[in-house]
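The structure appears below as structure tokens.
The values are calculated or read from the model by the stated rules, or taken from the named source; none is laboratory data. Treat the numbers as computed from the prediction; the structure is a model and nothing was measured. Cβ coordinates were reconstructed from backbone atoms using ideal geometry, including for glycine residues, and neighbour counts include every protein chain displayed.
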Amino acid sequence: MSRRLTAAWILSAACLWGWPAFARPDVEEGRDYVLAPPDPAWSEPDFPLVVVIAEPGRPLDAVMRTYRLLTAPRGALLLVMQGGDAAKLAEALLAVRKQFSVRPNATILIGRDKMAAWARELVLQQRDVFAGLIAIDDPGIPADLPEGADGLSSRLRQAACLLVSDAKRLVGNQEVYKKLLAKGFSAALTAVPPEQLLGQLGAALNTLLPVPAARTELFDPVTKVLLRAIPGWEFVRSDQGLAVAQRQDNPQAFKVEIAAGTLGKRSFEDYVGATRGTLQGDGIELLEDQRVTRPEAPVLMHSFRFTDRRDGPERAVYWLQLGVGNQLISFRGVADPMQFAALQQAVNMLANAMSFNAPPPVDPAAPPAATHP
């Protein structure tokens, strides 16, 4: 967003929301808004930006902690501030764009309840600023809402996800859905049980945010593990773990799911035992349960091989778990049984290519280091 565009927005927002035309409020990080950067694993030089509009009175830090669980793993910068003041929001966006390199045409606005309606109308008025909207339990369009308040047709390909966890608001959201379609949005309306709302929010963000580019190297900041792809392979982001490794020439051939974390108060033996317990159900035939390394080895390794006949065609699974101190990483490969040998080889090569306690890469969100002649 350019300063010129922002100034125009502040002026229009002043008229629309009751600000004096000369007002340009100063905003301050920590007081008026809070930020959360993306995880380094999926950061890119230009960040998509997710703006969450908190209801007045809600602590910004509490809202940030909830939404960061969704935005950080998806490579998005998160901004949280209270709603109701479009001029302040415009100034906050300008401040963030001065501080970070924000990807053009990738700003998503999220609101809930009354703030969903506020966010929705703001997205309609500022068609060239926001690429997408997630509205949670939007109260609907008032019958006396004047027509003609919407902005000009957008150069962006705008999309909206309407999530409804309150059944009483479903009819009102159907009207919102129709309005957004009429305004040229790609829109989806989903009724969701309250206990599944967080998962649906993640799915909506997957729809609206750009997909992080595949990597051939991937650093996990929690375990300080550096993953390196084997020749012809790459890492892609996954909701189920740190990443999925797949072949570049044929991503559907078979995949290796990679998870990383810390053991906490558990031992490596506890984790292996818990895994073993999940492989005792119907439809699973356990073929291998083997400690690969000696108990005193610096890197503990355990492998499982089993056939999974649950929910569809038979699948061969090779699951390799590694532990170093409190660090844990697992590689879980799934393939057609005829491809098991290639799958096992790929999993072992991926495990051999990684490094524990690797130095972190340069963080794209960090300011450049000072240089001296």
Practice task
Could you grab me the full set of residues in segment 59-91 that are among the hydrophobic types (A, V, I, L, M, F, W, C) and either under 15 Å from the mean Cα position of the chain (by Cα) or surrounded by fewer than 20 Cβ atoms within 10 Å (Cβ to Cβ) (or both)?
Solution key: LEU60, ALA62, MET64, LEU69, LEU70, ALA72, ALA76, LEU77, LEU78, LEU79
Practice task
Collect the residues in segment 342-373 that are among the polar types (S, T, N, Q) and either at pLDDT below 90 or exposed (fewer than 11 other Cβ atoms within 10 Å of the Cβ) (or both), keeping them in residue-number order.
Solution key: ASN352, SER355, ASN357, THR371
Exercise for the section: State whether the residues of segment 238-246 include one that is within 17 Å of ALA342 (Cα to Cα) and not hydrophobic (A, V, I, L, M, F, W, C). Expected result: yes
Practice task
For segment 310-320, state whether one or more residues are of a type outside the set (Phe, Trp, Tyr), in contact with a His (Cβ under 8 Å, 6 or more places away or on another chain) and either in a helix (DSSP H, G or I) or over 30 Å from ILE108 (Cα atoms) (or both).
Solution key: yes
Practice task
Among the residues of segment 325-334, count how many are more than 21 Å from ARG247 (Cβ to Cβ) and either surrounded by fewer than 17 Cβ atoms within 10 Å (Cβ to Cβ) or among the polar types (S, T, N, Q) (or both).
Solution key: 3
Fill in the blank from the handout: The helices (runs of 4 or more DSSP H) lying entirely within segment 103-219 that contain at least 3 residues which are modelled with pLDDT of 90 or more, surrounded by fewer than 21 Cβ atoms within 10 Å (Cβ to Cβ) and under 21 Å from the mean Cα position of the chain (by Cα) are 197-208
Fill in the blank from the handout: Subset of segment 233-259, residues more than 24 Å from GLU314 (Cβ to Cβ) and under 17 Å from the mean Cα position of the chain (by Cα), comes to PHE235, VAL236, ARG237, ASP239, LEU242, ALA243
